[in-house]
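Presented below is the structure to which this report refers.
The values are calculated or read from the model by the stated rules, or taken from the named source; none is laboratory data. Quick caveat, the model's predicted, so the values are computed rather than measured. Counting neighbours? That spans all protein chains shown, and the Cβs are built from the backbone with ideal geometry, glycine included. Only protein heavy atoms, including side chains, enter the accessible area calculation; ligands, DNA and RNA are left aside. Shrake-Rupley method; radii C 1.70, N 1.55, O 1.52, S 1.80 Å.
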Amino acid sequence: MNQALADIILVIHALFIAFVVIGLALIVSGGLRRWPWVKNFWFRLAHLLAIGLVTAEVWLGRVCPLTIWENRLRDGAEGTAYPAGFIQYWLNRLIYCDLPPWVFQLAYTLFAILVVLAWVLVRPRSPWRNHHRTEREHAAS
């Protein structure tokens with residue numbers, strides 16, 4: 001059971017990373033192609049907070065909670081460790097690199113700067129501005 005839960009956390013971790021990385025690519029390309037959905041405030045806020053959390057963790061010297069939970073579950077899985085299933089093996093190889101901490105700190109910080117730059121260049125729509133405009137339109141009619 002612990003092994004299966006650890007695998008689920010690994011997949012969630014990979015999806016989180018995909019959201020951050022692919023999200024930025026979609027925001028930039030969507031901004032260039034004028035896709036309206038990339039200006040969705042809540043999507044953009046979630047994206048900004050996701051990379052902000054990761055960057056804060058690395059600057060504070062914290063380990064990602066998903067990594068901690070996965071490792072604890074794997075330790076409790078009767079000594080079951082890698083190598084394991086095909087998907088688990090490759091997701092693990094993609095997510096966990098054996099590099100010095102400063103490399104991650106630099107990479108996450110630069111990526112966070114790109115996300116903030118995308119926020120400025122491809123401005124999200126304010127959810128409150130549309131709400132107030134609707135109220136004014138109702139008051140005028």
(request) For region 25-61, enumerate the residues that are open to solvent by 50 Å² or more (accessible area, probe 1.4 Å) and under 17 Å from residue 9 (Cβ atoms). (result) 53
(message) With the requirement that a residue be open to solvent by less than 40 Å² (accessible area, probe 1.4 Å) and without any contact (Cβ under 8 Å) to a residue 24 or more places away in the chain, what does region 1-24 give you?
(response) 18
(request) Those residues that are in contact with a helix residue (DSSP H, G or I) (Cβ under 6 Å, 6 or more places away or on another chain) and either among the aromatic types (Phe, Trp, Tyr) or not in a helix (DSSP H, G or I) (or both), I need them from region 65-78; list them, please. (result) 69, 76, 77
(message) Is it the case, given these coordinates, that residue 58 is outside any helix (DSSP H, G or I), over 30 Å from residue 125 (Cβ atoms) and out of contact with any Cys (no Cβ under 6 Å at 6 or more places or on another chain)?
(response) no
(message) Of all residues being surrounded by 15 or more Cβ atoms within 10 Å (Cβ to Cβ) and outside any loop (DSSP other than H, G, I, E, B) in region 79-104, which is modelled with the highest pLDDT? Just the residue, please.
(response) 104
